[in-house]
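These notes concern the structure reproduced below.
The values are calculated or read from the model by the stated rules, or taken from the named source; none is laboratory data. Predicted model, so just to flag it, every value in this text is computed and none were measured. Cβ placement follows ideal geometry from the backbone for every residue including glycine, while neighbour counts extend to all protein chains displayed.
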Amino acid sequence: MALTDPSKRLAAIPPYMFAELERKVAAKRDAGIDVISLGIGDPDMPTPAHVVEAMRAAVADPGTHGYPSNRGRAEFRNAFAGFYGRRFGVEIDPESEVIPAIGAKECIYNLCFAFLDPGDVALASDPGYPVYTGGPLLAGAEAVVLPLVPEHGFAPDLDAIAPGDLERARLIFLNYPNNPTGAIVPDGLFERVIELAREHEILVVHDNAYSETTYDGYVAPSFLATPGAKEVGVEVFSLSKGYNMTGWRCAAILGNADAVAAYWRLKTNIDSGLFEAVQLAGAAALEGPQRPLEEMNAIYARRRDLVVGALRDIGVDVATPRGTIYVWAPVPEGHTSTSFAELVLEEAAVVISPGSMYGPSGEGFFRISLTTPDERISEAVERLREHLA
Ligand SMILES: Cc1ncc(COP(=O)(O)O)c(C=O)c1O
């Protein structure tokens, strides 16, 4: 074994499949071609001004400069409890049912270490956010994927899970509004998952990264608003997307007090908590005016309509998403996800994400992110019409 060979766990993580696509993008840019990326989902608009102001004041306060407590400041926990009550009708005990996370990614990853042993299984949406499968592997456990297909409204078929997998399952990851499909939670799914979780002793982790980014009057629920949810599960709420705060690394885990305590215990061994100034800024985001979110959502909705319109014009049969910052669409016949992404790059100099990047059931689809400024989205859409009609 060579000195720099990674551990077996790290080596087990699937290689990054799209290195070739990235290489082609870099080559085009080097050649002076104006490539427009609709790949990554990182909001292009700034964090709301009142949040930036709260951060400025919090940073100036020496009281935030020491090691943070992993349990979180009272202001942070109270702000979350208040927000969950107002927004979702969910009662949260700020003392035992909420603590900060350094982004949802950290939280999901560390939940794997808090709850999975070798031989255990985590049930993960496919396509899905890659940490639902990478996290369990790094924890030495196994990820069993649950296909999400349009025919079933992007709900996992819980009856299709093999009995052996159910027996070994300790975690199930769900995420609605869903990345990458843009689907909203199908009626009755949370209820059915709670039954399954009770029957098989599986902890439900609902990744609520996109509840504040919805359109056409749709209001996304919290998983925790479903009766019985707190007995079997937790929700991870991130401020990244809804509040344009991806760089701030501000999220929380809420729900089942024992699960929250296990996550806290793990974290006291791993990191030293979330910078308290960021906690105070996060509290300001939740407690302050929510109007900036409405304005951002109106912008995303306009971009979404531009993209969906152009895709339909070039013959792509695409549904209009009511949540998230993504449009998920089937590739034209004769293409794989990767070959279509390469074609779009070659012909239109536009980057789209191949669906297979998000799991085996993403093959045959592609994802477009709406987080590119209006004029660039318009330009990209024109190029698609011109080159791919
Ligand atoms: C479903 C989902 N969960 C979590 C994250 C990461 O969130 P955070 O920035 O809070 O780590 C993303 C980011 O793309 C996501 O799409």
What about residue 80, is it of a type in the set (A, V, I, L, M, F, W, C) and in contact with a strand residue (DSSP E or B) (Cβ under 8 Å, 6 or more places away or on another chain)? yes
With the stretch 1-103 as the region, which helices (runs of 4 or more DSSP H) entirely inside it contain at least 2 residues that are more than 16 Å from the ligand (Cβ to nearest atom), surrounded by 13 or more Cβ atoms within 10 Å (Cβ to Cβ) and in contact (Cβ under 8 Å) with a residue 12 or more places away in the chain? 19-30, 49-60, 74-83
Name, by its number, the condition in (1) more than 16 Å from the ligand (Cβ to nearest atom); (2) over 17 Å from residue 150 (Cβ atoms); (3) at pLDDT below 95 that does not hold for residue 350. (3)
In a loop (DSSP other than H, G, I, E, B) and touching a residue at least 60 places away in the same chain (Cβ under 8 Å): does that describe residue 177? yes
Looking only at the stretch 146-162, which residues are touching a helix residue (DSSP H, G or I) at 6+ places or on another chain (Cβ under 7 Å) and surrounded by 19 or more Cβ atoms within 10 Å (Cβ to Cβ)? 148, 155
The stretch 145-162 - residue that is part of a helix (DSSP H, G or I) and farther than 30 Å from residue 352 by Cβ and, of those, farthest from the ligand (Cβ to nearest atom): 159
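Tell me yes or no: at least one residue of the stretch 367-383 is surrounded by 20 or more Cβ atoms within 10 Å (Cβ to Cβ), within 15 Å of residue 310 (Cα to Cα), among the β-branched types (Val, Ile, Thr) and touching a Gly at 6+ places or on another chain (Cβ under 8 Å). Walk me through it before giving the result.
First pass over the stretch 367-383, keeping only residues surrounded by 20 or more Cβ atoms within 10 Å (Cβ to Cβ): 367-372, 377, 380-381.
If we keep only those that are within 15 Å of residue 310 (Cα to Cα) too, we end up with 367-370, 377, 380-381.
Okay, now just the ones that are also among the β-branched types (Val, Ile, Thr), so 368, 377, 381.
Then keep just the ones that are touching a Gly at 6+ places or on another chain (Cβ under 8 Å); that gives 381.
Yes.
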Which one of these does residue 265 not meet: (1) in contact (Cβ under 8 Å) with a residue 40 or more places away in the chain; (2) within 15 Å of the ligand (Cβ to nearest atom); (3) charged (D, E, K, R)? (2)
With the structure loaded, tell me whether residue 239 is at pLDDT 95 or above and closer than 29 Å to residue 51 by Cβ or whether it fails that test. yes
Given the options 227, 289, name the one that is away from the ligand (no atom under 16 Å from the Cβ), part of a loop (DSSP other than H, G, I, E, B), of a type outside the set (S, T, N, Q) and free of Cβ contacts under 8 Å to residues at least 60 places away in the same chain. 227
For the stretch 340-348, state whether one or more residues are part of a helix (DSSP H, G or I), among the acidic types (Asp, Glu) and in contact with a helix residue (DSSP H, G or I) (Cβ under 6 Å, 6 or more places away or on another chain). yes
Residues in the stretch 239-262 that are buried (at least 20 other Cβ atoms within 10 Å of the Cβ), within 19 Å of the chain's Cα centre (by Cα) and of a type outside the set (D, E, K, R) total 13
What is the residue count in the stretch 105-129 for residues that are part of a strand (DSSP E or B) and either within 11 Å of the ligand (Cβ to nearest atom) or of a type in the set (S, T, N, Q) (or both)? 1
Report, by residue number, each residue of the stretch 230-257 that is near the ligand (Cβ under 10 Å from one of its atoms) and of a type in the set (Lys, Arg). 241, 249
Can you go through 216, 207 and tell me which one is within 11 Å of the ligand (Cβ to nearest atom) and not basic (Lys, Arg)? 207
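Under 30 Å from residue 58 (Cβ atoms) and out of contact with any helix residue (DSSP H, G or I) (no Cβ under 8 Å at 6 or more places or on another chain): which single residue out of 209, 261 fits that description?
Working: 209 fails: out of contact with any helix residue (DSSP H, G or I) (no Cβ under 8 Å at 6 or more places or on another chain).
Just a single option satisfies the conditions, and that option is 261.
Residues are listed down the side, and each one gets a yes or a no for (1) under 25 Å from residue 272 (Cα atoms); (2) within 16 Å of the chain's Cα centre (by Cα):
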| residue | (1), (2) |
| --- | --- |
| 108 | yes, yes |
| 117 | yes, no |
| 120 | no, no |
| 124 | no, yes |
| 135 | yes, yes |
| 145 | no, no |
Going through the stretch 373-389 in order, the residues found to be in contact with an Asp or Glu (Cβ under 7 Å, 6 or more places away or on another chain) and over 16 Å from residue 345 (Cα atoms) are 373
Of the listed residues (205, 185), the one being of a type in the set (A, V, I, L, M, F, W, C), touching a residue at least 60 places away in the same chain (Cβ under 8 Å) and under 19 Å from residue 148 (Cα atoms) is 205
Among the listed residues 165, 187, identify the single one that is surrounded by fewer than 24 Cβ atoms within 10 Å (Cβ to Cβ) and assigned to a loop (DSSP other than H, G, I, E, B). 187
